[in-house]
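**Student:** Right, I'll just put the structure down here and ask away after.
Bear in mind that the values in this text are calculations on the coordinates, not laboratory data. Everything quoted here is computed from the prediction, not taken from an experiment. Here the Cβ positions follow ideal geometry from the backbone for every residue, glycine too, while neighbour counts run over all protein chains shown.
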DNA sequence: GGTAATTGTGGGTAATTGTGGGTAAAACAA
DNA sequence: TTGTTTTACCCACAATTACCCACAATTACC
């Protein structure tokens, strides 16, 4: 399971260095083959080891074309899925199109999220985070049932 | 179960010494692997032995991506979960990002909380504590049913 | 109360990691 | 083809982190 947080910079060529503590796993897991695609829920990117992505892909294939949300999710995630590999310095090259989607500027953050990594523009992430923290903090909102029964 | 209170200092490199009476348990429990993450309820940090964290992680993994609150909770807790180990002096290095989140200055406190430790900035903790004591004391707030049936 | 052991704190140094940029190969367009 | 842009590969520097060692403060013990 991937976890953890790092602040990183996207250089002028659109490259992003994966934190070193994750490199070995990423380069061994599927011969170093990775898949980068967009996160349809947020303006951020997802980075999967190929083997994990293939599993996702089969699940996507099962989504009905007659359900609008399902169709769109499929289109987006598959359509933007880009193969990539770590270079000798442990970086990946993020295509222009995906950089635009996630509105990546110079500063980015990368978050371990179980079977994948999530990549955000730093400012956008902070905004999201603070918004969420506010919601958790005030007790006015209704936590979902799943959350209500969660003891950490 | 962890319990107890200690005042400690965070040095200029962001290191925090775990009280010695807890070291042995922390370094033996899961080969010394620990996970440090943020406490989404308060501006403080949680320190889990890896084995305890993994249990939390599986619970988080079950939350749906299509429920916004669940998704955010997952993102935050996993995203900020940082692997760490005690160094030769029994300290952990707290990443800048987490220090900022918990607003840790020079003085910190660490509280045993069952399956984990909670780490606060000392001043922030005192403030919180006094505030809570006031609230608990006056009977204006509505205690939940669970609390109502609690005999201490 | 005095001494010895343990614990908490600080800092130096070496290794690792993150970042930037140069150059050559490859892809693409005209 | 030729010229232009993009990508891959390499090298180098700066910042961070891990690993030591040393001292001060605290605690335990006689």
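**Student:** Can you give me the distance in nm between label points at residue A:66 and residue B:89, each placed 7 Å from the Cα along the Cα-to-Cβ direction?
**Tutor:** For the pair residue A:66/residue B:89, the computed spacing is 6.8 nm.
**Student:** Ratio of alpha-carbon Rg to the 2.2 N^0.38 Å globular estimate for chain B, to two decimals, please.
**Tutor:** Against the empirical 2.2 N^0.38 Å value, I get 1.12 for chain B.
**Student:** Right, next: When A:41, B:41, B:1 are ordered from fewest to most other Cβ atoms inside 10 Å of their Cβ, what list results?
**Tutor:** Least crowded to most crowded, the residues run B:1, B:41, A:41.
**Student:** While we're on this one: If neighbour count is taken as other Cβ atoms inside 10 Å, put B:45, B:152 in order from fewest to most.
**Tutor:** In increasing order of surrounding Cβ atoms, one gets B:152, B:45.
**Student:** Here's another thing I want to ask about it. Could you put B:136, B:56, A:110, A:56 in order, starting from the residue whose Cβ has the fewest other Cβ atoms within 10 Å?
**Tutor:** The order, fewest Cβ neighbours first, is B:136, A:56, B:56, A:110.
**Student:** Put the label 7 Å from Cα along Cα→Cβ for residue B:151; what are its distances to the other copies, in nanometres, shortest first?
**Tutor:** 2.0
**Student:** A follow-up question, please. Just to confirm the numbers: residue B:123, label point 7 angstrom along the Cα-Cβ line, distances to the other copies in nm, shortest first?
**Tutor:** The projected label point of residue B:123 is separated from its counterparts by 2.9 nm.
**Student:** What nm distances, shortest first, do you get from the label point of residue A:28 to those in the other copies when the point sits 7 angstrom along Cα to Cβ?
**Tutor:** 2.9
**Student:** Okay, helix-only estimate at 222 nm for the protein assembly as shown: each DSSP H run of n ≥ 4 adds -39500 (n - 2.57), divide by all residues, round to 500 deg cm²/dmol; what do you get?
**Tutor:** My calculation for the protein assembly as shown gives -11500 deg cm²/dmol from helical runs alone.
**Student:** Shifting gears a bit: So, in nm, how far is label residue B:55 from label residue B:96 when the simple model puts each one 7 Å beyond its Cα toward the Cβ?
**Tutor:** Between residue B:55 and residue B:96, the label points sit 3.5 nm apart.
**Student:** Taking the Cβ-Cβ separation of residue B:142 and residue B:106 as r and a Förster radius of 35 Å, what is the calculated FRET efficiency to the nearest 0.05?
**Tutor:** 0.35
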